[in-house]
Amino acid sequence: MISEENILIPIAMEIILDAGNAREKSEKAMKYARDGDFENAHLYMDKARRMMLSAHCTQTDVIQKETQGDHLNLSLLFIHAQDTLMTIRSELVMKEEMIALYKLIHDIRNNKK
């Protein structure tokens, strides 16, 4: 059994893993977009968003526990998980915009040929 002071460690690891998997999926999406394969780019961005949603839900569960009076001992790993989650979330937003720009460039190039 995990002691109360360590309860955030497995939660933090879950957030880090889900967010990291989201980053991996979004990197694959970018590769597909650069290659002009927008179907797979959107497929992988959808997978990335689902992984990010999972990480976000895990984070939200912790926040809800705190608001309900369950005071959890903060850990450095949980702080790192929060930072990772927000950084990768920002990356996903930017990558979605970049994929849209790749699509626009691709369409312009194909219309000029």
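The values are calculated or read from the model by the stated rules, or taken from the named source; none is laboratory data. As the structure is a prediction and not an experimental result, all values here were calculated from the model. As a convention, Cβ positions derive from the backbone with ideal geometry for all residues, glycine included, and neighbour counts pool all protein chains shown. With ligands, DNA and RNA removed, areas are computed over all heavy atoms of the protein, side chains included. Shrake-Rupley method; radii C 1.70, N 1.55, O 1.52, S 1.80 Å.
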- Hey, any idea what % of segment 1-77's accessible area is carbon plus sulfur with a 1.4 Å probe? 54 percent
- Could you provide, to the nearest whole Å², the per residue accessible area of the chain with probe 1.4 Å? 67 Å²
- Message: Compute the helix-to-body angle for 38-67: its Cα long axis versus the longest principal axis of the chain, expressed 0 to 90° and rounded to tens.
- Response: 20 degrees
- Query: Taking K and R as +1 and D and E as -1, what net charge do the other residues with C-beta under 14 Å from the C-beta of residue 92 add up to?
  - Reply: +1
- Message: As a test of understanding, state the convex hull volume per residue of the chain from its alpha carbons, in Å³.
- Response: 88 Å³
- The relative contact order of the chain, taking Cα pairs under 8 Å that sit 6 or more residues apart, comes to a percentage of 40 percent
- Extension gain (nm, one decimal) between residue 75 and residue 39, 0.36 nm per residue minus Cα-Cα: 8.9 nm
- Note on the structure: Relative to the chain, whose Cα atoms define the longest principal axis, helix 76-112 and its Cα axis are tilted in degrees, nearest 10, by 10 degrees
- Separation in nanometres of the label points that stand 7 Å from Cα toward Cβ, at residue 28 and residue 107: 2.6 nm
- How many nm separate the modelled label positions at residue 93 and residue 17, each set 7 Å beyond the Cα in the direction of the Cβ? 2.8 nm
- Query: For the Cα atoms of the chain, what angle does the longest principal axis make with the long axis of helix 8-34, in degrees from 0 to 90, nearest 10?
  - Reply: 0 degrees
